[in-house]
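Everything below concerns the one structure shown next.
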Amino acid sequence: MITIRTTACIFTLLLAAFLVPVTASYADTEQSAVQSKAAPYGLAMHGRAKYDQTDTHLSYVNPDAPKGGTRTEGTSGTFDTLNPYSIKGIAAQGLNLYYDRLMQRVWDEPFTMYPLIAEKAVVADDRSAITFFINPAARFHDSSPITLDDIKFSFETLRESGRPNMQRLYKLVDDVTLDRDAGSIRFDLGDGYDQETVLILSMMPVLSKAWWKDRDFAATTLTPPLSSGPYIITDVDPGRRIVYERDPDYWAANLMVNVGHYNFDRVIYDYFRDDTAAFESFKAGDLNFRREWNAGKWASGYDFTAAQNGDVITAEIPHQRPERIQSLIFNTRRAPFDDIRVRKALSRLIDFEWINDNLFHGKYKRIESFFANSPLAAPDTPSAEEMDLLSPWKDSLPAAIFETRWHAPTATNNKEWRQELRTADSLLKEAGWIVQDGKRVNKDTGAPFEFEIMISSPAEKKIVLSFAKNLSRLGIQANVRLLDDANFQNRLSRYDYDMTLYYWRNSLSPGTEQTLYWSCESADIPYRWNYPGICHPAVDTLSRKIANAKTRRELVTAAHALDRILTWQHYVIPLFYAGYDMVAYDKTIKRPDVTPLYGMVIESWWIEE
């Protein structure tokens, strides 16, 4: 065990998955910004920032929340590094609490950044450059000031040795200029930047040059790097536990974006061999906070004594962010999934109703959009603006795209299910796959229709086995392959599979990541996220249009058009979503009355003993 005591703090950047909603939509949120306020204080992707210098705290926090207590959460797996920005190693949970960034994102606006280490940002009219003015009060955990040199060092280090997405974006910068008299650093962008690039730069974590200069940034480390966030790391037991303690002298505690946050004195992550062991520890009272991801367990597993007598609170907290796109993904780089008729046929063979009723107690809805549960999902009827965007590819896209949005096939009785099987059989025969001696074979080569489905979790196995059983009714052999996390990620990153069960995440402000998800370029480059191998000129154009949208309306229209193509081209078989976050916690833990657009923000919760 390694035990460390330092003067440190931790700043939390939430993932979109850890959030809950307000009643207003994103459009309402934008329009509610008071236009008569002072000069812009935040940096918004589109329109005007909601908050300005007159605001003392965010709308979704309790500014008077008491400090104290411990939040203890379980997680499965292991960790071997405290550097979450290098590609090597498995980073510990909660490290987003440990690193301050230039600016801080808030969760009641689609994408707006507010001052943190940078007390102000000035952006060129065409977004080709951004200048950050450093907050003179900004400090590392050892009380040394954060300097312009630290920011430049962070940029250069992450550009060369950071995660691939950081390297790609930071290499769009052509020039970096320091003005020491003004306390500012300017980034000038070169070819390839888009409207979002300056905001992504504002999310840059700031590293200590003095601490890192004689160390290998690419190597794993279990020594906490010098940082500047609201918590410090006080205990590291590799693969078992990491403990964060709130720094009472955190330099940015009273900034508007931090008021009402970071209320727990300690945040602890305990590691378990799997989620079953973590759940048993929660039930035993060793943990006091749990995020549930399994609807079946949520429906039937929370009947233990503490939950029944009110000592443990269970809550379904709605949100308005896009749900993750959990899907069975076709690898279209490989036959026969390069044939849309085959993909359409197999898409009709997932029995959602049976799976939802028998495995998930009816808790889920069927995904019918790559932006499900949000206003970015394509509406039933395409608008005139969407039609204009899609019209150049009218001859190469299914006619249905121009008529309505895609709806998942449904079969609620045996008669409807038999019809789905007949439709799938016809599509397969049209694609050259006939039945001989009870087996589906290629009519030209005689090769059997057989493929592998790669999964990473035992919980996914029941879903996939149900699907495989339906495939066997049409003579198709699907072999299920369960891999450990390391092997699964390795094969996933190299696109080495026939079909896999995985997901993407989208935000209310999609941007550059859309080209990484769907473009022809990313289809051929390992370690991107184009898992199906999508390559279509319309998808490439619309992905870039989203990233370069100058208004919210342009972005939403492009997202709707892209959504139509992705769903009607059947690159995946979309699965299920809930539309709310499932959380259980000790009754002493409290949360604010207001939850933001993206969802619950656990850093704004507190303990009342």
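The numbers here are math on the coordinates, done by the rules we state, and not lab data. Just so it is clear, the model here is predicted, and its values are computed rather than measured. Neighbour counts run over all protein chains shown; Cβ positions are idealised from the backbone, glycine included.
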### Task
Using a 10 Å cut-off on Cβ atoms, rank the peptides 342-355, 115-128 from the highest mean neighbour count down.
342-355, 115-128
### Summary
A student applying the Cα gyration tensor rule (rounded when a/c is under 1.5; otherwise prolate if a/b is larger than b/c, oblate if not) would label the range 460-609 oblate
### Task
Please sort by residue number the trypsin sites (Lys or Arg not before Pro) in the range 220-293 whose DSSP state is loop and whose Cβ has at most 11 other Cβ atoms within 10 Å.
ARG273
#### Entry: For the range 327-577, with +1 on Lys and Arg beta carbons and -1 on Asp and Glu, the positive-most of ALA538, HIS361, ASN331 along the dipole
HIS361
### Query
Counting other Cβ atoms within 10 Å of each Cβ, which trypsin sites (Lys or Arg not before Pro) in the range 520-555 have at most 13 and sit in a DSSP loop?
LYS550
### Fraction of antiparallel bridges per DSSP, the range 327-577 only, in percent to nearest 5
65
### Summary
Note: LYS429 to GLN308 extended length (0.36 nm per residue) minus current alpha-carbon separation gives 38.1 nm
### Query
What net charge is computed for the residues neighbouring LEU116, neighbours being all others with C-beta under 9 Å from the C-beta of LEU116, Lys and Arg scored +1, Asp and Glu -1?
-1
### Query
If contacts are Cα pairs under 8 angstrom and at least 6 residues apart, what is the relative contact order of the chain in percent?
23
### Message
Whole angstrom only: what separates the Cα centroid of the range 539-586 from the Cα centroid of the range 326-364?
### Response
18
### Message
If packing is taken as the average count of other Cβ atoms within 10 Å, what order do 520-526, 198-204 fall into, highest mean first?
### Response
198-204, 520-526
### Message
How large is the Rg to Rh ratio of the chain when both quantities use alpha carbon positions and Rh follows Kirkwood?
### Response
0.97
### All lysines inside 26 Å of LYS120 as judged from Cα atoms, apart from same-chain residues fewer than 8 positions distant
LYS37, LYS50, LYS152, LYS171, LYS209, LYS550
### Query
About its Cα centre, how strong a charge dipole does the chain have in debye, to the nearest 20, once Lys and Arg get +1 and Asp and Glu get -1 at the Cβ?
1200
### Task
Give the angle, between 0 and 90 degrees and rounded to the nearest 10, that separates the Cα long axis of helix 148-161 from the longest principal axis of the Cα atoms of the chain.
20
### Query
Out of VAL556, TYR269, ALA424, whose Cα points farthest toward the positive end of the dipole of the chain (charges: +1 Lys, Arg; -1 Asp, Glu; placed on Cβ)?
ALA424
## Note on the structure
Classified through the alpha carbon gyration tensor (a ≥ b ≥ c as square roots of its eigenvalues; rounded if a/c is under 1.5, else prolate when a/b is larger than b/c, else oblate), the range 33-127 comes out oblate
## Note on the structure
Taking placed amide H atoms and a strict 5 Å upper bound, the residues 5 or more places from PHE272 or on another chain that come that close are THR75, SER76, GLY77
### Summary
Scoring the range 550-609 by relative contact order with C-alpha pairs under 8 Å, at least six apart, yields a percentage of 26
### Task
Work out how much length TRP293 to TRP529 would gain on full extension: take 0.36 nm times their residue separation and subtract the Cα-Cα distance, in nm to one decimal.
82.7 nm
### Query
What net charge is computed for the residues neighbouring PRO382, neighbours being all others with C-beta under 11 Å from the C-beta of PRO382, Lys and Arg scored +1, Asp and Glu -1?
-4
### Task
Order by neighbour count: LEU508, LEU226, fewest other Cβ atoms within 10 Å first, most last.
LEU226, LEU508
### Message
Rounded to the nearest 5, what % of DSSP beta bridges with both residues in the chain are antiparallel?
### Response
80
### Task
Would you please classify the overall shape of the range 546-599 from the alpha carbon gyration tensor, given that a ≥ b ≥ c denote the square roots of the eigenvalues, rounded means a/c under 1.5, and beyond that prolate means a/b larger than b/c while oblate covers the rest?
oblate
